[in-house]
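To start, the structure itself, in structure tokens.
Derivation of every value follows stated rules applied to the coordinates shown; laboratory data play no part. Please read all numbers here as calculations on a predicted model, not as lab measurements. Positions of Cβ are generated from backbone atoms using ideal geometry, with glycine treated the same way; all protein chains shown enter the neighbour counts.
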């Protein structure tokens with residue numbers, strides 16, 4: 001009986017093992033690529049429905065689009081100083097008027113009576129103050145006359161004293177008569193001193209009182225002018241020369257004090273009034289320039305005033321023409337302008353498109369080298385105008401970017417471009 005023999009199993013050649021490992025790796029890599037590619041959230045978009053733009057380096061002009069309207073450089077509003085009933089209208093709306101020309105007449109019986117009463121009261125007070133001033137002057141003249149009389153009497157007594165001194169030495173007159181002259185002279189001198197002192201006091205009082213009277217008279221005259229002007233204001237006159245663009249009144253219509261009656265525009269000079277987004281309120285300043293085209297010709301305007309008030313997300317600026325104004329301009333005409341906020345700076349530029357509204361400029365779809373796919377890429381943008389946005393990070397010169405609106409592509413990571 002023969003013994004069992006162990007049969008040795010032949011090993012696989014090394015070259016076969018290497019071939020199998022390499023083949024498995026290739027299959028695994030291919031499978032991983034298929035799975036990875038399938039896991040990317042993609043969107044198929046027809047190429048002819050997209051706008052593809054290329055980034056480039058260039059001078060970025062810091063411009064913003066601005067819409068403005070033509071307005072008269074100066075406008076004056078007509079308001080009713082005092083209320084009344086429209087009695088007569090002298091000028092038609094839309095006509096041209098001269099400064100001081102009557103426009104309409106209001107009537108107000110109460111104001112007429114009040115003005116007449118005020119005139120009477122003020123006139124009485126002025127007359128009373130005038131009498132006081134006249135009395136002060138009369139008293140001044142009376143005091144001066146007294147001083148003249150006393151000085152004359154002193155002069156006579158001094159002469160008499162000189163004569164009596166000789167006569168008394170010769171015993172031609174008594175000592176009593178001589179002493180009486182001396183006493184009279186001393187008395188008149190004392191009266192003169194007293195009168196001069198009273199005159200100085202009267203002058204001081206009269207000076208102070210005259211100043212007070214002058215102040216009161218000035219105020220009363222101002223009140224009289226106000227009273228007269230309040231009545232005269234019932235006749236509404238044109239404060240400036242121009243076009244009466246608004247006068248919405250009818251005969252017999254009642255107008256309250258302070259109510260708007262109309263408007264006069266100066267039509268020989270215009271300005272542009274523009275509304276700008278509040279985002280630019282800190283960057284818009286006087287002397288900045290804006291350009292626009294009208295009838296095939298380019299014009300330039302300059303910012304002269306920036307209003308800081310923000311209303312409904314916008315603020316207002318006034319601009320004037322730097323050179324000749326366009327012909328045949330009309331009040332309220334709309335202009336589309338470009339306002340320059342700063343000097344041109346060399347930057348990486350990307351044309352503006354619908355993607356800005358969809359992504360806010362935070363990311364874009366960038367095409368690959370073959371141009372058959374575009375992948376989402378985060379970017380950083382800076383300033384923008386109506387043509388370009390400044391790219392500060394995420395893109396390089398020559399990159400091709402989908403710049404049209406993204407719409408259904410917003411939630412996708414890749415866009416496959418199909419013919």
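Find the relative contact order for the range 106-261 and round it to a whole percent, using C-alpha pairs within less than 8 Å whose residues are 6+ positions apart. Let's see the in-between values first.
Working: 68 pairs, mean separation 62.8, N = 156.
Reported relative contact order: 40 percent.
Give, as ranges by residue number, the residues of the range 240-268 whose backbone N falls under 16 Å from the point 7 Å along Cα→Cβ of residue 85.
250-257
For residue 378 and residue 124, calculate 0.36 nm times their separation in residues minus their Cα-Cα distance, and state this gained length in nm to one decimal. Before the final figure, lay out each step's value.
Values: separation 254, 0.36 × 254 = 91.44 nm, distance 8.75 nm.
The span from residue 378 to residue 124 would gain 82.7 nm if fully extended.
Of (i) 1.52; (ii) 0.96; (iii) 1.45, which is the value of Rg/Rh (Cα atoms, Kirkwood Rh) derived from the coordinates here?
Calculated Rg/Rh (Cα atoms, Kirkwood Rh): the matching label is (i).
Taking other Cβ within 10 Å of each residue's Cβ, how do 93, 250, 222 sort, fewest first?
Least to most surrounded, the residues fall as 250, 222, 93.
Which whole-number percent is the relative contact order of the chain (Cα, under 8 Å, 6+ apart)? Please report the intermediate quantities before stating the final value.
On the way: 693 pairs, mean separation 127.4, N = 419.
Across the chain, relative contact order equals 30 percent.
Evaluate the distance, in nm, between pseudo-label points positioned 7 Å from the Cα of residue 172 and of residue 237 along their respective Cα→Cβ axes.
The answer from the label model is 8.3 nm.
What is the fewest-to-most order of 187, 299, 406 by other Cβ atoms lying within 10 Å of their Cβ? List each step's numbers first, then the result.
On the way: 187 13, 299 19, 406 24.
In order of increasing Cβ crowding within 10 Å: 187, 299, 406.
Which residue, 132, 191, 240, tops the fluctuation ranking in a GNM of the chain built on C-alpha contacts under 10 Å?
191
Expressed as an acute angle from 0 to 90° and rounded to the nearest 10, what is the orientation of the C-alpha long axis of helix 109-169 relative to the principal long axis of the chain?
40 degrees
With runs of 4+ DSSP H residues as the only contributors, calculate the mean residue ellipticity of the chain at 222 nm using -39,500 (n - 2.57) per run, divided by the residue total and rounded to the nearest 500. All intermediate terms of the calculation are to be shown ahead of the outcome.
Values: 4 runs with 150 residues, N = 419.
Rounded to the nearest 500, it is -13000 deg cm²/dmol.
To the nearest 10 degrees, how steep is helix 175-232 against the longest Cα principal axis of the chain, on a 0 to 90 scale?
Here the helix axis deviates by roughly 30 degrees.
Give the order of 270, 315, 365 when sorted by the count of other beta carbons within 10 angstrom, beginning with the fewest.
315, 270, 365
If you build a Gaussian network model of the chain, linking Cα atoms that sit under 10 Å apart, which residue out of 207, 166, 271 swings the most?
166
Taking R0 as 22 Å, what's the FRET efficiency between residue 136 and residue 193 from their Cβ-Cβ distance, rounded to 0.05? Show your work: numbers first, answer last.
Working: r = 23 Å, r/R0 = 1.05.
With a Förster radius of 22 Å, E is 0.45.
Rounding to the nearest 10 and keeping the result within 0 to 90°, find how far the Cα-based axis of helix 14-39 lies from the longest principal axis of the chain.
Between the helix axis and the principal axis of the chain, the angle is about 40 degrees.
For the chain, with a Gaussian network of springs between Cα atoms less than 10 Å apart, report the residue from 90, 164, 321 with the top mean-square fluctuation.
Sorting by GNM fluctuation, first place goes to 164.
Could you tell me the distance between the Cα centroids of the range 103-153 and the range 354-419, to the nearest Å?
Between the Cα centre of the range 103-153 and that of the range 354-419, the gap is 88 Å.
Once label points are set 7 Å from the Cα along Cα→Cβ at both residue 320 and residue 113, what is their separation, rounded to one decimal in nm?
Distance between the two pseudo-spin positions: 5.1 nm.
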